[in-house]
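The values are calculated or read from the model by the stated rules, or taken from the named source; none is laboratory data. Note that this is a predicted model, so its numbers are computed, not measured. Glycine gets a Cβ as well: all are built from the backbone with ideal geometry, and neighbour counts include every protein chain shown.
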Amino acid sequence: MTRLPAGSVPPGRVADPNPASAPMSDRSLDAASRGWLVALDAGGHEQEDAIARLHALLLRAARFEITRRRSSLVMVRGEELDDLATQSADDALMAVLRKRQEFRGESRFTTWAYKFALLEASVKVRRRAWQDREVPLEPDAWDLLPAGSLSPEEALEGGELIAAVQRAIGTGLTAHQRHVLVALTINGVPVDVLAERLGTTRGALYKTLHDARRKLRAQLASEGFAIRPQNHAKGDAA
């Protein structure tokens, strides 16, 4: 584990030795979770030991997630996978230390912290998988329906709908909305990868995608197509 630079851990509150006088949120925590928080705020060797133990936990979580997603990194060598796991654990550690006062005890502290490493690892795996790939911003093909499984009537209706969607995407959206919609929903680019390539945020891309879908539904409805509202997923497909 790389030694954290001095001052990287923000000073925390001093633990009250009397549990009865601790805030209600602290008293409601399980003993193990409270112990983690006290140790991470203690300063000195106790804090350093807690940080080291937490980093080891996060590293195990990151390695687990990277192994689970190994199939998307078939050309990546073992030492690079180890480096991805270490980077994920380092970033997760800093996130946990920064946000530890937000922990409310709905789960154990270790379970809560574990999720930071899973998230960091999954994001880094997706980014590494797309590192040497061009991000397609236009559709390679519009053959989106399995025509062989459709009746002639369904195929005709489906073809009319696809043509209408093409027109709506081409004329009803801004260039940025079109690029985001096509990249995320048709070409399957992970949202964090697209955000990095376009120099924006996941939230901004989700807002653009929402606006683009709203415009498409309105234009298709104006052409007589019955489009049912959809609930948009929050987050990435794994």
- Message: For the structure I just gave you, tell me whether Leu54 is modelled with pLDDT under 95 and either surrounded by 12 or more Cβ atoms within 10 Å (Cβ to Cβ) or outside any loop (DSSP other than H, G, I, E, B) (or both).
- Response: no
- Name every residue in the range 197-207 that is surrounded by fewer than 18 Cβ atoms within 10 Å (Cβ to Cβ) and part of a helix (DSSP H, G or I), in order of residue number. Arg197, Leu198, Arg202, Gly203, Ala204, Lys207
- Message: Regarding the range 8-17, can at least one residue be identified that is loosely packed, with under 14 Cβ neighbours inside 10 Å, modelled with pLDDT under 90 and under 30 Å from Arg127 (Cβ atoms)?
- Response: yes
- So Asp90, is it closer than 15 Å to Ala56 by Cα, modelled with pLDDT under 90 and within 29 Å of the chain's Cα centre (by Cα): no
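Condition check: more than 18 Å from Asp192 (Cβ to Cβ), at pLDDT 85 or above and part of a helix (DSSP H, G or I). Does Lys115 satisfy that?
So Lys115 fails the test.
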